[in-house]
1. Of the residues Tyr284, Tyr235, Tyr291, which single one is of a type in the set (Phe, Trp, Tyr) and farther than 14 Å from Thr137 by Cα?
2. Within the set of pairs 6+ apart or on separate chains, which have a first residue in segment 13-42 that is surrounded by 11 or more Cβ atoms within 10 Å (Cβ to Cβ), a second that is modelled with pLDDT under 85 and not in a helix (DSSP H, G or I), and C-beta atoms under 9 Å apart?
3. Scan segment 199-241 for residues that are under 32 Å from the mean Cα position of the chain (by Cα), of a type in the set (A, V, I, L, M, F, W, C) and either surrounded by fewer than 20 Cβ atoms within 10 Å (Cβ to Cβ) or under 18 Å from Ser183 (Cα atoms) (or both) and jot them down.
4. Which number in (1) among the aromatic types (Phe, Trp, Tyr); (2) over 23 Å from Asn167 (Cα atoms); (3) more than 10 Å from the ligand (Cβ to nearest atom) marks the one condition that Phe288 misses?
5. From Ile207, Ile148, Ile196, grab the single residue that is modelled with pLDDT of 95 or more and closer than 16 Å to Glu246 by Cβ.
6. Pick out the one residue from Lys236, Lys224, Lys277, Lys267 that is of a type outside the set (A, V, I, L, M, F, W, C) and closer than 15 Å to His173 by Cα.
7. Given the criterion out of contact with any Gly (no Cβ under 7 Å at 6 or more places or on another chain) and within 10 Å of the ligand (Cβ to nearest atom), identify the matching residue among Lys163, Lys153.
8. When Lys179 is evaluated against the numbered criteria (1) over 22 Å from Val250 (Cβ atoms); (2) within 13 Å of the ligand (Cβ to nearest atom), which criterion, by number, is the only one it fails?
Amino acid sequence: MDKSSSKIDQEQIEFLENAQKRIRQKKLLYYHFIIFLFFSSFLFVLNFLLKIGNELIFLKYSWSVWIFLVWCFLILFHAFDVYVTNRFLGKKWQKKQTRLLMELQINKILELKKEHYSEAEVISKSETFYSKSNLITIIAAADENNVIGKENKLIWHLSDDLKHFKNLTKDHHVIMGRKTFESMPKALPNRTNIVITRNSDYVADNITVVSSLNEALEKSKNDKQPFIIGGGEIYKLAMQIADRIELTRVHHEFDGDTYFPQIDPEKWIEVKRDQRKKDLKHNYDFTFIRYDKKQ
Ligand SMILES: NC(=O)c1ccc[n+]([C@@H]2O[C@H](COP(=O)([O-])OP(=O)(O)OC[C@H]3O[C@@H](n4cnc5c(N)ncnc54)[C@H](OP(=O)(O)O)[C@@H]3O)[C@@H](O)[C@H]2O)c1
């Protein structure tokens with residue numbers, strides 16, 4: 001028998017047990033009510049017809065009336081127990097509450113783990129700064145299918161994403177492939193532009209030309225956070241050596257020809273997320289996500 005069928009069987013057994021329990025409770029209440037009717041009538045006959053204990057009067061009422069009233073209250077209490085307490089606060093309710101509490105606890109533990117991991121990461125990253133001297137960061141924007149460009153152009157325009165890119169990379173080294181460089185009108189201002197190409201004769205204004213990613217990183221070794229800004233070929237090379245990914249996930253599916261590599265959850269952990277809704281300036285929902293490489 002597989003796990004799912006044994007789970008269904010277990011659920012059916014519990015359901016059946018619960019139904020039987022409810023029937024027992026209702027039957028008991030019914031018998032209680034019948035006994036109550038029978039004995040109350042009997043007591044009234046003794047008291048009022050046969051005049052037994054006629055002199056026993058408390059607060060204007062005869063003893064049989066008092067027994068009747070107290071019993072009425074007990075019957076009501078019993079009915080409340082069956083139809084309200086057991087129905088709404090029964091085993092099922094207790095189970096649900098326990099499950100809710102457990103879910104809360106699990107979420108809390110996950111939060112704590114995440115915080116703990118981030119703190120450990122920050123500490124280990126700051127230690128790494130001394131040995132490795134910098135935090136190599138990939139920065140990219142990709143759609144739901146990891147598309148990043150088409151015919152050597154960006155596909156979307158999201159002004160807040162541009163601002164995000166500018167704020168993060170300002171005054172840093174930006175490392176890119178020759179094709180990405182040529183997709184831009186000119187070198188990015190206020191940044192040290194490093195362009196990777198196999199063409200040793202390649203020249204352009206305001207850029208440093210290198211022949212490999214390693215050479216690019218060597219040139220940016222004094223920068224605490226050099227950025228690898230694309231495109232697809234260079235991202236692929238950089239995934240092995242990068243420490244962080246600043247990804248803008250654009251929540252849409254585009255037609256494209258260049259892709260961002262898959263982010264392996266075994267190697268990367270999401271440490272920050274900032275969601276943005278589409279508005280007059282932005283045609284799509286998008287999310288800034290930071291991933292740090294697991295140690
Ligand atoms: N959405 C985003 O965040 C984002 C960011 C950047 C770019 N993009 C898009 O990505 C596309 C461009 O990406 P791409 O993959 O086509 O090109 P790319 O990665 O920008 O550049 C590829 C070029 O880099 C050089 N190169 C690659 N590997 C090399 C190596 N191992 N050693 C030396 N040189 C090497 C080669 O230049 P040579 O041919 O000169 O030798 C190669 O043609 C465009 O559509 C662009 O708009 C998107």
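The values are calculated or read from the model by the stated rules, or taken from the named source; none is laboratory data. Because the structure is predicted, anything quoted here is derived from the model rather than measured. Positions of Cβ are generated from backbone atoms using ideal geometry, with glycine treated the same way; all protein chains shown enter the neighbour counts.
1. Tyr284
2. Every condition considered, the pairs that remain are Asn18/Gly90; Lys21/Gly90; Arg22/Gly90.
3. Phe227, Ile228, Ile229, Ile234, Leu237, Met239, Ile241
4. Failed condition: (2).
5. Ile148
6. Lys224
7. After applying the criteria, what remains is Lys153.
8. (1)
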